[in-house]
Every structure is written in structure tokens, then in C-alpha cells.
Amino acid sequence: MSHDFLQMHLKAVISCLLIFLYKVHTTKAGQFFSSGHTNNWAVLVCTSRFWFNYRHVANTLSVYRSVKRLGIPDSHIVLMLADDMACNYRNPKPATVFSHKNMELNVYGDDVEVDYRGYEVTVENFLRVLTGRLPPSTPRSKRLLSDDRSNILIYLTGHGGNGFLKFQDSEEISNMELADAFEQMWQKRRYNELLFIIDTCQGASMYERFYSPNLMALASSQVGEDSLSHQPDLAIGVHLMDKYTFYLLEFLEEVHPASQANMNDLFKVCPQSQCVSTPGHRTDLFQRDPGSVLITDFFGSVRKVEITKDTINLTSPVEPPIQRSGSGDIQIESLTYVDQLPVAEIIHQKPKQKDWHPPDGFILGLWTLILLVFFQTYGIKHLKHIF
Amino acid sequence: MYLQVLAACYKALSDHHQRGRYAALAIAAVVIVVGIPLWWKTTETYRAWLPFSEISELDSLQLQLSVDIEVVFSRGTLTPEQQKKFPLSHVNEKEHQVDGLRYKYETRYRTATIMEEDALNQPTAAEADLSLHMLSEKDVKVYVGQRRTALLRSPPFKSSWSLKEVLSNLDVEVEQVVSTMSFSHQDIVAALSDRVRMAKVTKESMADSMRAIKSSPGYEITFSLLNPDPRSHSLHWDIEGAVQSCIQPLLNKLAPIANFSVDSQILYYAVLGVNPRFDNSVSAYTLSADSLSHVINPVEARLGSNAASSNPVLNFLLYVPDSHHSPLFIRDHSKREVPSNAFHSPRWGGIMVYNVNEMYGPEAERPVDININMAKVMGVFLAQLRLMLGVQHTHPPTGFVLQSPGSAGLADWELDRLLWSRSVENIATASTTITSLAQLLDQIGNIVINDNIAQQVSSAVTSLQSAVAELEAGNLAFALQYSREAILASERAFFDPSLLHLLYFPDDQKFAIYIPLFLPMCVPIVLSLLKIVSEAKKRRADKQAKSD
């Protein structure tokens, strides 16, 4: 009996030791093998139109700003905004989109690159971007050119319901279609890992149907709950942000490219006391433990780098370039603009006589009406009394 | 008479009923026989025929790779008795149960011809001379040349050994040479990484698979010169000449694999995203290895790429530090100096730092004209380009010496290795694409399959079958060509814009559409049929009652 106990104890010790050694080994393994990705992409979509949905555009632009700040370049971001808030006629501060009241933070900036704007943001275009089935004439900036080692961040915001998300107030995308699109991406190995964040009412219903591996999803509210907006700004007149994305932005502002914050911190963003709705997340399809996934694996773009150890000795010398002297003998003919605008002529020009045009339709119609009324009242036979 | 009228009325009524019954039956017949098939046919989606059975055969990919080896014995290595059986050929097959991979090595043994003997002995043949030189050194057993030959020096054979013993002694070394010069099991498994579980792959080959860019029909290579300080340095680099003489030979050799387009640019006022630290011990600025990963992102935003093509881009940047931060050195993880002063990022490209502070004194007139030494720069870029394109680091066993490829950029056997892994990768990717496309089209009954998609799929399937056959036969060039055609056709079929699945109707929506159309029509028909049936039953019951 004591022998068995001893044996069990020994086995436990050995397995503990093995586990400890294994853990040491994996922490010593290079950065290469902890995440397995070499590049990052982001697809940020705002699906709502009209001025009173200002907050959805501000949501998307806040995430865009964080993602750019943490390193993902514009060439790797597909930004879809369904309406133009910055240059909207009702915007009292044109060319700005604010995310804090009292206009503290302008998320529009001066280097925003919107890839799909206005009516181009449709369910069809969104699915085409995800699956890659774009017509051959689509330029590079409108494509998601990810490969099997890309980590992709997908952020959707707008108005949604149980199992669907509304696009442009006229069409919807269902959770089944989204799950199928992700499955097609997986089949074609268009992603290594994918983080899906959605900030709409009943957002958790959108990730219920996912069935492809390596997906992690976050939503701002559960089924049956509404996601609420944060604060209105009295000067602009609309709600500026949604609660979940507001606290998400606050969290992301503290993250810098070298930070070690992980996904468990992200799950804690905006608890029910702040958000009123209950944010949810889904990690069962994800291979790695969320605690070991860095925020910068998805939101930033930390490159794996190797030192180049070997070089090649080139035996045949490259022809030396032509020696150029410092003063620059080569005379390049100075280029001038062709005189397209003969300004002198324009200044002294007399105003041109406008040609006479016959009166247009409205005037004609008005005269006809007056004549008709006149004849109706007085009759034709009374004409001779007038003329 | 009243009764007669009644009878006549009754007969007319029953005739009327009879006509009504016939009318109801006729309408029901028309609806069922004509209407339902017509509705079915007109709401059907057009689906061209696809070779589903052949596609499912492709799913269980059984690859066989064949290598032809020729072992030549020089004079004096074997006794005449051992040489009796020459020329001899021997086939060795290895099979890996799990992955379905089979390797066939066909080895031919023969003695050297007179010409080969002379070539080996001639001191002026540079390669032979060098190789013999190398072999005469102590620890070198094998010298692998630039083309497809290797010279192997083995310990002398006992003359009492039979030929079999001699060959079995040689086998181990020959196998080592073959796995260095053609492919090893790890390489092939790494190329099949999409289909095969990665558990059995070593860390090196996984790093290699992550570093090398995925197989693609074309690549864009961009060389950029970053000049953050144009007021102090006026840089001149002859990039055209350098590309022509250094990079183009490599790209020409790799032409069967992919199309390459090369361009170059100069960026002014482009800074690295990291502030280098001044190191007093060497009185220079240093970039530590950890900060290197943050260098690339701010620069990438300014690099740009060709908007018209969707090919992957490989960027090679040459950074000349500004005069206030010169010289700039890169340190590796153990804080040692890096001789090449360059680093690279997998699947992206490489950056080299070129210091120019030694080329001028403090009194020189600004901006200083500087000509960049392209040979040194291209040596580094060429090495990085080889890594990016998948020419793996071979880790040959001890005692092996590999001849440097020099200006050709790539040794023939390195090219062969690349062709093997590319063919296998292309075949694996194309077959996965085709099978997943077939699965997708099978599952979703609403997608329209046009004729052009069916044609692409069929041509992809035939190309794949040809590629597998050519691999079996050992014709590497044809296998690669067929695998390229297969991948192009399969990608075109999979990414065809018309395959968008927007026809997703949940079942309740289908009911909601059809019920208002069909229900009002079907209700009178069904009711009248029921009435006919019940009347017929009643009449039969009456007849029965009458007859009783």
C-alpha cells in the first residue's frame, strides 16, 4: 500500500518535472514559433449610413487609428465606411470625426485611406473582399491579399439583430453567410488566425455559427441585449461613440508596439457595470490559449526579424557607374510650363455679350396658364373688346 | 310529366357534375404533369458538369518522387574482379505510410570513362583542380560542385570484398549526398505543410517554411534606397547595372518557377522608426536585435507597390544613415557585430545599412557625392533573395564542402531542390483548392457553375494528373510546368467572381415566397379532388347498399 503510494508520488513528481522542462523549452523557443504569423491584415467595416449613425463611423475610425498606430500599414488595411461623416453637410466641424465629447480626439486625422466608401460598402463587396473573388480589375488597395501566415483582424459595427447585421439600411448579412465565408477563407488558407470583433446589438449571435479553426470572436452584447451608445456631444448633436468601442479605444491607447498585454485583458474590457450590455467572447475554435496571445498579434504588426549571416561574394565586379563631377556639367534643358493660361489677355478682356435666349419652360408655362384663365373667364368672343 | 322533367333535370345535373368532375381532374392532371416539372426546370440553377469522381481521387494524393543517380568509380578504386558486374543498376524504394509519399532512387554504377579520368587528372581544369585540392585536405569527404556533380572520397575498399559489400558500404555516404543534393523527407513534408500535420517537422524546416514566400505565379522585387539626409549625402547607385549583372542571372535561372518583375526607387527623408543608441565602446550608433522588428513598419507605409498586380512583393532596402547618426551598426542577440550589417524579415524582404562616414572628411562640401559599392550591396541582397525565394539553408553533414554559386546565383542542384519542393507544393495546393471547390459546390446547391469554371476545373484536374505522372517518371521540368498550369487553372476557377454565394435562402424564406403563389391555386384543386373521391366512395357505398 505504501509502495503504491510511493510509486504514485514518484510518477507525479516525474510528470511535474517533465511538464516543467517542457514549459521551459517552449518559453526558450524563439518568437518564431509562439504565434506563427508573419504579417497582419485588418478589415474594418462600418455598415450604417445617415448622419445619426455618426457613432458607427467614429467606432471604425478609432479602431483604424489604433491599428495604424500600432504598426499595420495602409496597404494592409481594408477600410469600408458606408457614409461620409467628416464631409457631411450637417457636420458643424467639417473634416473631423470626434470620438470624445468636447472634441478631444479627432480620429479622422489627415492620412485616412478609405478603400470602400459610400455605396460601395455592400454585403456582396464585403464577402468578395473576404473570399478574394474580386473582378480582375480591382486595384491592390481594395484586395485582401493575405496568405497562410497572416493574422487578420475583422471589425464590424452597425445595427444588427439576432443572427444578422444590417448593411446600408437596405440589406443584411446573416451569421451563416459569415461563417461560410470564413470557412472558404480557411479552405484556401487565407489566414493563420482571425480575430473577429463586432459592436452591434445582439452581437454574440453573429459568431454563434462559426465552425472554422483558429477563430476568436468578441462581441459587445449577448443575444437579446442592445449595445448602447456612449455620450452625445451637444455641439455636434449626435452620439459620438458606442460604449464598447469607447472603452476598447481607451484600452488600446495604452498598448504600444512592444507591449505584452494579452487577450485575457481584452476580454475584460467594458464589463457590464460600464457597458450595461454583457460583452461576450468565443475561443473554443482557437488553438492557442488566449492568455498567450498578445494584443499586438492582431492589432499591431510586429515583424519577425532574422539577422543575415551569410553573404555571397560576387566574383565578377559590377561596372562602376559614370563619374559625375560635383558642379554638374550635364546641362539639362530647363523645363517650362506651356503657357496655358494667357493671363494678360484675360485681365484686359471685355465681358462678352450674352446671347439672347427665349424664355424657358417655366415662364412659358406661367404665361399659358394666365392666358387660359383669361379666356376661360372672358371667352373668345370678348377678345374684340380688348384688341 | 313532372317526373320526366325531374328525371331530365336530374340527368342534366349529373351530366353537369360529371363534366365538373372531368374538368377538375383535367386541371389537376395538367398541374401535376406539366406545371410542376416546368416550375422545377425554370427555377433550377445552371450547373455545368464537374469531374467529381476524379477530384475525389485527387484528394488522396499519392505522390511518388523519382531520383536518378549515377555513381562513377574512378580507376583504381575497385579491383577488376569487383568491376566485373559493371554497369549495374539498382532501384531503391522508400515508402512513408502516413503521408502516402514514396521515394524511388534509381542508382546506376559504372566506371569512369577515359574522358572523365582525364578531366579529373588535368590540373588546368579549374573546377577539377579546386575540388581535388579540397578533397586532399583532411576532413573533407565530399565536395559538391556548382552543377549536379559531387566528388566523394571514401576509405579504400578491401580487395577481398565482394561487390555487394562494397556497394553496401558506399550506400550510407551516397544517401547522404543524395539527400543534400535533391531533397530530404523533411523538405517534402514541409512543402506539403498544408495537407500534412506539422507535428513531425523539425524547427529548422518550419522556420524555413515560414521564411520562404509561398508559391505564386509571379513576384515583384523592389530595391529601394533610403536617404534620410539629402542635404549631406547625394547618393548615386547604379542599380540597373547591378541588377543586370547580379540579380538577373538568378532570376533567369528561376524563370521556370515564376515570373519576376524588378523595380527600384529612391526615397528621401525616410527615417527608421527606431532611435539608435550611441555605444561609447565602439564610438558608433547601434541598433539592437530587439528593436529591429519595429524598424520596418514606419518605412513600409512609404514604400508603395505596383497597383495593377496582386503578386507578392519582396522589398530590399538600402539605408544610408544620416550624418548625425553615422556610423550605424547592427548588433545581434548576443550583442556581437554583424558582418553583413543587414537583417531580413520572412516573406517581406531585407534591409541593409550602408555606412558612408568613412568616404569623406568633415571639411567636404555638402552635399557630398557618394557612389555606392554595388558589389558589396548586391552580395547581401542576393543572399537575402535566395532565402526569401526558398533556397533553403542546407545543413550538410560534417565533411561536406559546398561550392559557392558565385555570380550565377544558384547552383544547379540548389535549383533542383527548389523545383522538387515547388512542384510538390504546387501539386498539393492545387489539389486542395480543387477538392475544396468541389466540396463547396456540392454543398451549396444554389451556386451557378458556368461553363468556363467547369473548363478550368477539368484542365486543372488533367494538369494535376500529368504533373503527378511526370514526378513519378522523374521529369522534374515537366512536372513543374504541369504543376504551374494546374495551380493557375485551379486558382482561376476558385476565385472566379461569379461563384459568390449570395443565394443563401433560409428555409422559412422559401416558404414565405412560395405559399402566397401556390396555395390559392392548389386549394380549389385539392378540395375538388377530395370531393370527387368522397362522392365516388359514396356511390360505391350506395351501389353496395342497392345490391344488398
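Read-outs throughout are calculated quantities, based only on the coordinates presented, and are distinct from any laboratory measurement. Owing to the predicted nature of the structure, the values given are computational and were not obtained by experimental measurement. Backbone-built Cβ (ideal geometry, glycine too); neighbour counts: all protein chains shown.
First measure r as the distance between the Cβ atoms of B:Tyr46 and B:Ala473, then evaluate 1/(1 + (r/R0)^6) with R0 = 41 Å and state the FRET efficiency to the nearest 0.05. List each step's numbers first, then the result.
Numbers: r = 39 Å, r/R0 = 0.96.
My answer for the efficiency is 0.55.
Using the Cα centre of region B:218-389 as the reference point, and only Cβ charges (+1 on K/R, -1 on D/E), how large is the resulting charge dipole? Debye, rounded to the nearest 20.
Details: 11 positive and 15 negative charges, 102 e Å.
Rounded to the nearest 20 debye, it is 500 debye.
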Problem - Centroid-to-centroid separation of region B:423-499 and region B:2-77 [C-alpha atoms, Å] - result: 28
Completion exercise
In degrees, nearest 10, the alpha-carbon axis of helix B:451-473 is tilted away from the dominant principal axis of the alpha carbons of chain B by 40
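As an exercise, take the mean of 1/r over every pair of distinct alpha carbons in region A:39-297, invert it, and state the Kirkwood radius in angstroms. List each step's numbers first, then the result.
Working: mean 1/r = 0.0550 Å⁻¹.
When all Cα pairs of region A:39-297 are included, the Kirkwood radius is 18.2 Å.
At 222 nm, what helix-only mean residue ellipticity would chain B give, in deg cm²/dmol to the nearest 500, using -39500 (n - 2.57) for each DSSP H run of four or more?
Details: 17 runs with 250 residues, N = 548.
That calculation yields -15000 deg cm²/dmol at 222 nm.
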Fill in the blank from the handout: Applying the gyration tensor rule to the Cα atoms of region B:218-389 (axes a ≥ b ≥ c; rounded if a/c under 1.5, else prolate if a/b exceeds b/c, else oblate), the class is prolate
Problem - Viscosity 1.306 mPa s, 10 °C: Kirkwood-radius Stokes-Einstein D of region B:279-321 over Cα pairs, µm²/s - result: 119
Problem - Distance histogram in 5 Å bins (all Cα pairs of region A:156-215, percent per bin) - result: 4, 20, 28, 22, 15, 8, 1
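With 10 angstrom as the radius, rank A:Cys46, B:Cys246, A:Cys87 by how many other C-beta atoms surround their C-beta, starting from the fewest. Display every interim value, and only then the final one.
Numbers: A:Cys46 30, B:Cys246 23, A:Cys87 10.
Listing A:Cys46, B:Cys246, A:Cys87 from fewest to most nearby Cβ atoms yields A:Cys87, B:Cys246, A:Cys46.
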Practice task
Could you bin all the Cα-Cα distances of region B:440-534 into 5 Å bins starting at 0 and give me the percent of pairs in each, rounded to whole numbers?
Solution key: 2, 12, 13, 12, 10, 8, 8, 7, 6, 6, 5, 5, 3, 2, 1, 0
Handout entry: Ranked list, fewest to most other Cβ atoms within 10 Å of each Cβ, for B:Asp451, B:Asp412, A:Asp355
Key = A:Asp355, B:Asp451, B:Asp412
Fill in the blank from the handout: Taking Cα atoms only, helix B:163-181 is inclined relative to the longest principal axis of chain B by an angle, in degrees rounded to 10, of 80
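Rounded to the nearest 20 Debye, what is the dipole magnitude of chain B about its Cα centre when Lys and Arg each give +1 and Asp and Glu each give -1 at the C-beta? Intermediate results must be reported in sequence, preceding the final value.
Values: 49 positive and 58 negative charges, 587 e Å.
Value, rounded to 20: 2820 debye.
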Problem - Unit charges on C-beta of K, R, D, E only; dipole of region A:48-134, Debye - result: 280
Practice task
Go from 0 up to the bin containing the longest alpha carbon distance in chain B, width 10 Å each, and give me the % of pairs per bin.
Solution key: 3, 12, 17, 17, 15, 11, 7, 5, 4, 4, 3, 2, 1, 0, 0
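Here are some pairs, B:Lys85/B:Lys164; A:Lys188/B:Lys214; A:Lys309/B:Lys376; A:Lys101/A:Lys243; A:Lys68/A:Lys93; which of them have Cα atoms lying more than 18 Å apart in this structure? Working shown, then result.
Details: B:Lys85/B:Lys164 10 Å; A:Lys188/B:Lys214 13 Å; A:Lys309/B:Lys376 14 Å; A:Lys101/A:Lys243 13 Å; A:Lys68/A:Lys93 24 Å.
The pairs that break the limit, which is 18 Å between Cα atoms, are A:Lys68/A:Lys93.
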Exercise for the section: Taking the Cα atoms of region B:212-313, report the difference between the largest and smallest coordinate on each principal axis, in whole Å and largest first. Expected result: 51, 29, 28
